[in-house]
1. Does at least one position in segment 74-90 carry a residue that is acidic (Asp, Glu) and closer than 12 Å to HIS40 by Cβ?
2. Which residues, taken from segment 52-84, are under 19 Å from PHE246 (Cα atoms) and acidic (Asp, Glu)?
3. Select from segment 29-61 the residues that are touching a residue at least 40 places away in the same chain (Cβ under 8 Å) and over 19 Å from ARG16 (Cα atoms) and list them in ascending order.
4. What pairs can you find where one residue is in segment 169-190 and over 24 Å from HIS138 (Cβ atoms) and at pLDDT 95 or above, the other is of a type in the set (A, V, I, L, M, F, W, C) and part of a loop (DSSP other than H, G, I, E, B), and their Cβ atoms are less than 7 Å apart, with a gap of 6+ or different chains?
5. I need the full set of residues from segment 225-237 which are small (Gly, Ala, Ser) and assigned to a helix (DSSP H, G or I), in order please.
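The values are calculated or read from the model by the stated rules, or taken from the named source; none is laboratory data. Not measured: the values here are computed from a predicted model. A quick note on method: Cβ atoms are made from the backbone with ideal geometry, for glycine too, and the neighbour counts reach across all protein chains shown.
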Amino acid sequence: MARAAVQRRLTWRLGRVTRRIDETARAKSLVLNVPDWPGHRAGQHVDVRLTAPDGYQAERSYSIASAPEDGDQVALTVERIEDGEVSPYLDDELAEGDQLELRGPIGGYFVWSTDMGGPLLLVAGGSGICPLMAMLRHRAARQSHVPTRLLYSSRSLDDVIYRKELDSLAGRADGLEVFHTLTRSQPAGWSGYSRRIDRDMLAEVAFAPAQDPLCMVCGPTPLVEAVATTLVELGHAPERVKTERFGPTGG
C-alpha cells in the first residue's frame, strides 16, 4: 500500500489554471485545480514539466503555497527569472483555463503540521516564503494558536510576496508575529529591519533555545546556511533547525 501511494504521488497529472494572482512585479501565483490530487503536507513541493512542440522538455520544482485544507486546489508561486526557460512562460503566458503538467507532492523532511506543535520559527528569504506560507495558511485554517514568528527578508517592500495576506494573518492576534527586513530600499517611516539577517536580528526575533522551537529556514543557499549556522551557535538544537535551499535552476 505504501509503495502504491508513492507511485500515485509520482504520477504526472494535469492541473487546470483557475486563477492567476499578481503577488509582486516579479512573482505570480497560479491556482490549479488538480483532479485526484492525493493531498499534501505544508512544506512539500511539486515538479512541473513543460513540453515544447518539438518534444523538448524542461522540469522545475516549485513549493506548494496552498494549505492542505484547500483540497484539490493547489497554489504555486513563481518568481520570474530573466532568461529562464520555465518561469517566464508560467508568469507571462500561461492563462486561466490552460493546463499544466505536475507531479507530486514530494518531500517529507521540510514539513510542518499543527499537531507537531511549537513554538515555530520561520525564516525566509525572497521566494523562500512559499513553503512557509503553506504552513501559515494551514495554521490559520486549523485555527491554531501555536506561538509562531516569521522573519522575512526582502529587497524592498514591493518585493514582499503575500504582503497583504501576511499583514492580515498577523492581525488575527492568534499568536503569530511577523517581522520584515528590507535589504536594499525602505519606504519613508519604515520601522522594520533594514539589513541582511544577522546574529543580532536572530537573537532578537527567535524564541529562546530553552523553549525548544522548531526552526524552518528557506531561501537562497547563502542565507539558509548563514541562518542555520547562527541559530545553532545561539544554542538551538541542530535537529530542530530544518532547511530548504533554493539554488540556481535555470528558471
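1. Checked against the condition, which is being acidic (Asp, Glu) and closer than 12 Å to HIS40 by Cβ, segment 74-90 yields no hits at all.
2. Within segment 52-84, GLU59, GLU79, GLU82, ASP83 meet the criteria.
3. ARG41, ALA42, GLY43, GLN44, listed by residue number.
4. Filtered contacts from segment 169-190: THR181/ILE197; LEU182/TRP190.
5. Our first condition is that a residue be small (Gly, Ala, Ser); within segment 225-237, this holds for 226, 228, 235, 237.
Scanning segment 225-237 gives ALA226, ALA228.
Matching residues to (1) in contact with a strand residue (DSSP E or B) (Cβ under 9 Å, 6 or more places away or on another chain); (2) among the aliphatic types (A, V, I, L, M); (3) assigned by TED's automatic domain parsing to the domain that holds MET135; (4) at pLDDT below 95:
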| site | (1), (2), (3), (4) |
| --- | --- |
| GLU23 | yes, no, no, no |
| LEU50 | yes, yes, no, yes |
| PRO53 | no, no, no, yes |
| SER63 | yes, no, no, no |
| GLY71 | no, no, no, yes |
| SER87 | yes, no, no, yes |
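A quick yes/no check of all residues on (1) of a type in the set (Lys, Arg); (2) in contact with a Leu (Cβ under 7 Å, 6 or more places away or on another chain):
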{"site": "ARG137", "(1), (2)": "yes, no"}
{"site": "ALA141", "(1), (2)": "no, no"}
{"site": "ARG149", "(1), (2)": "yes, yes"}
{"site": "TYR152", "(1), (2)": "no, no"}
{"site": "SER156", "(1), (2)": "no, yes"}
{"site": "GLU165", "(1), (2)": "no, no"}
{"site": "ARG172", "(1), (2)": "yes, no"}
{"site": "VAL178", "(1), (2)": "no, yes"}
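Listed here are the residues, each with its yes/no results for (1) part of a loop (DSSP other than H, G, I, E, B); (2) outside the structural domain of GLY43 (by TED's automatic domain parsing); (3) closer than 27 Å to ALA67 by Cβ.
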residue	(1), (2), (3)
LEU150	no, yes, yes
GLU165	no, yes, yes
THR181	no, yes, yes
SER191	yes, yes, no
MET201	no, yes, no
GLU204	no, yes, no
CYS215	no, yes, yes
LEU223	no, yes, yes
GLU239	no, yes, yes
